[in-house]
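Worksheet: one structure, shown below.
The values are calculated or read from the model by the stated rules, or taken from the named source; none is laboratory data. Just so it is clear, the structure is predicted and the values come from calculations on it, not from any experiment. With ideal geometry, Cβ positions are generated from the backbone for all residues, glycine too; neighbour counts draw on all protein chains shown. Heavy atoms of the whole protein, side chains included, go into the accessibility calculation; ligands, DNA and RNA do not. Shrake-Rupley method; radii C 1.70, N 1.55, O 1.52, S 1.80 Å.
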Amino acid sequence: MAADKQNEAKVSPADENKGNLPDGGLGLEILQIIKESQQQHGLRHGDYQRYRGYCSRRLRRLRKTLGFKMGNRHKFVGKKITVEMLSDNRYLLLVLMEAERAWSYAMQLKQEANTEPRKRFHLLARLRKAAKHSEKLEKLCESPRVDAKTKLEAQAYTAYLTGMVEFELQEWKQAMEAFNKCKTIYEKLASAFTEDLAVLYRQRVDEISPNIRYCAYNIGDQNAINDLMQMRLTGGGGGMMAEKLEALITQARTKQAATMSEVEWRGRTVPVKIDKARVFLLGLADNEAAIAQAANEETKEHLYETLLAECRDTIQAVKEELKTEAKQRERSSDADSGKVSNLQYLHSYLTYIKLCTLVKRNESMAHTLQAKLKEPEVDENKRGPRPQDLIRLYDIILQSLAELSTLQGLEDDHTFQKEVSLKTLVYKAYRCFFIAQSYVLVKKWSEALVLYERVLKYAKEVQSKAKSFNNSLKDLPDVQELIAEVSAEKYSLQAAAILDTDEIVEVPQQQVKDNTPLCDHLENFRLDPTLVGKQPNLVQFPPDFQPIPCKPLFFDLALNHVAFPPLDDKVEQKGKGGLTGYIKGIFGFGS
């Protein structure tokens, strides 16, 4: 609520002054104002109560700003806006907000009237009130003070609300006339103004078109039903019109259901006596064709949900009949308890339709997710699809196939059981493939490689068994594409595993803790950013001291045992010098 009030504070001043013309004429962008307000205040999520509260608060602010108060807190004094008061376009906005408040309350009551039918009377009263306010707005816009564009928009707005009232009252002719008038005005406005405004006018025309065709059908135009069916395929006609269209289709099928008395499935003809089952089976082919022709995935998902809801309701009706039949069998003593009854076989057929539709819907969702999974991520903050999402879808598919194999009346149908078994193998292969991809994301290479091998095993087993089921299994995914994709993924996986081994380590610069130079690990490859930097660690400098053998020392121990030859004959003999020579020899005088 606080966010709503902040948005109101941002948007309201611009809207209230929007459309004032330089020549003095008053202007109001009616459609643009209501569309912006509706989108910002609840109608994007179908919350009419929130939008109604916004209209009330804005009316209070406008009255306070304009000094247009209805008395005081003790007494109410009603006032009417007259042509003479039109000095500001906010007086026109005041009437517009009154009409929007009544319309939003009517739409809120319409949602609640599904469970409380008495609220329909209140709904009609609020719609009439909204139309009355729109007529007041149109009369005020007839003043010469208001520009021509605002006059046309006021007429179109009045025609739209008048058509809504007549539509609810089932006055088809008057409703069609009002809607056609509204459509004509908006088409003319779209052709006369810029592209930005033209888009809004065309959107309103697209909203009105289903109502016009529905009115034409109820008046007696049988060709309009084809247009309505086509609009259902393209997703047109939301909200109230979608409910009317579904009711119309059910009504048309009910008229045709009287001619349907039996249905044949897997070689057995079963009488169909329940009206709800007749209507559902009669429209089954049309629903499947509509799903195949759906314009986009959102429309296809809506059609799948509608078909499944109808199927569940039909199965519930058959279950009620089965309870009655079981009580009658208990009373009868000669009942054949061994054979599956027609009603039980019909129940099995309807359950088969429901489970097959679930399989097709989940397979369609899986294809969409798989396509998104291959797209590159644009926004990193936004969570994209992951393989785990696909695993969950294939788990549901396998659960549905397991229920198919246990249907009553088909236990002895070996062909059916083989078909279900083969389908199970196909979807097991796809589930195993996406489990492997989830392991790849967390770099569990060995587990992913083993799972890829199992995918190939399943796929080859499917290829060997599918030769005799070509016609009945044509809707299954092609396992040959899966085999090709797995083979490519295996090579990528092996390369990633080699690059991620312990010997090959990519280490960021800030995480290098050891100072091992390049010359010490030449036999191992390592991506080290420091090697291409300014200080590559190639060798250790200065190198470490290493032990080397020292220089040998030789000691001559044999010299002491060597006997030298005499050299006396080589030495010169000197004569004796007497005492004087002896003394000189002692004191060194003779040397």
- prompt: With respect to the numbered conditions (1) surrounded by fewer than 20 Cβ atoms within 10 Å (Cβ to Cβ); (2) closer than 27 Å to Leu449 by Cβ, which one is the sole condition not fulfilled by Tyr427?
  reply: (1)
statement: In the stretch 23-45, anything of a type in the set (A, V, I, L, M, F, W, C), open to solvent by 10 Å² or more (accessible area, probe 1.4 Å) and touching an Asp or Glu at 6+ places or on another chain (Cβ under 8 Å) is listed as Leu26
- request: Have a look at Tyr48, Tyr54 and point out the one that is touching a residue at least 40 places away in the same chain (Cβ under 8 Å) and out of contact with any Asp or Glu (no Cβ under 8 Å at 6 or more places or on another chain).
  value: Tyr48
task: Filter the stretch 462-476 down to residues that are surrounded by 15 or more Cβ atoms within 10 Å (Cβ to Cβ) and at pLDDT 70 or above and give me whichever is nearest to Ser364 (Cα to Cα).
output: Leu476
message: Cβ contacts < 9 Å: first residue under 12 Å from Ile483 (Cβ atoms) and without any contact (Cβ under 8 Å) to a residue 40 or more places away in the chain, restricted to the stretch 450-467; second residue open to solvent by 90 Å² or more (accessible area, probe 1.4 Å) and polar (S, T, N, Q), any location; separation 6+ or different chain. Result?
response: Ala459/Gln480; Gln463/Gln480
task: Only residues that are among the charged types (D, E, K, R) and closer than 16 Å to Lys129 by Cβ: list them for the stretch 71-99, please.
output: Lys80, Glu98
message: Yes or no: the stretch 75-83 includes at least one residue that is polar (S, T, N, Q) and in contact with a Lys or Arg (Cβ under 8 Å, 6 or more places away or on another chain).
response: no
statement: Across the stretch 58-81, the tally of residues that are of a type in the set (Gly, Ala, Ser) and either surrounded by 14 or more Cβ atoms within 10 Å (Cβ to Cβ) or closer than 18 Å to Ala102 by Cβ (or both) stands at 1
- prompt: Are there any pairs, at least 6 apart or on different chains, whose C-beta atoms fall under 8 Å, with the first in the stretch 341-356 and over 17 Å from Glu321 (Cβ atoms) and the second part of a loop (DSSP other than H, G, I, E, B), and if so, which?
  reply: Tyr352/Leu407
field: Residue under evaluation Gln399, criteria (1) open to solvent by 80 Å² or more (accessible area, probe 1.4 Å); (2) in a loop (DSSP other than H, G, I, E, B), criterion not met
entry: (2)
task: Could you tell me which residue of the stretch 93-121 is least open to solvent (accessible area, probe 1.4 Å), considering only residues that are over 30 Å from Leu66 (Cβ atoms) and assigned to a helix (DSSP H, G or I)?
output: Lys110
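Rundown of residues vs (1) surrounded by 18 or more Cβ atoms within 10 Å (Cβ to Cβ); (2) out of contact with any Lys or Arg (no Cβ under 8 Å at 6 or more places or on another chain); (3) in a helix (DSSP H, G or I), yes/no style:
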| position | (1), (2), (3) |
| --- | --- |
| Leu282 | yes, no, yes |
| Ala285 | no, yes, yes |
| Ala289 | no, yes, yes |
| Lys300 | yes, yes, yes |
| Asp313 | no, no, yes |
| Gln316 | no, yes, yes |
| Glu325 | no, yes, yes |
| Glu330 | no, yes, yes |
| Lys339 | no, yes, no |
message: Just to verify a result, which residue in the stretch 165-185, among those that are touching a residue at least 40 places away in the same chain (Cβ under 8 Å) and at negative phi, is most open to solvent (accessible area, probe 1.4 Å)?
response: Lys173
query: So which residues in the stretch 137-191 are of a type in the set (Gly, Ala, Ser) and over 26 Å from Leu124 (Cα atoms), if there are any at all?
result: Ser143, Ala148, Ala190, Ser191
query: Quick check, is Tyr105 among the hydroxyl-bearing types (Ser, Thr, Tyr) and closer than 26 Å to Gln49 by Cβ?
result: yes
query: If we scan the stretch 412-433, do we find a residue that is in a loop (DSSP other than H, G, I, E, B) and farther than 22 Å from Ile483 by Cα?
result: yes
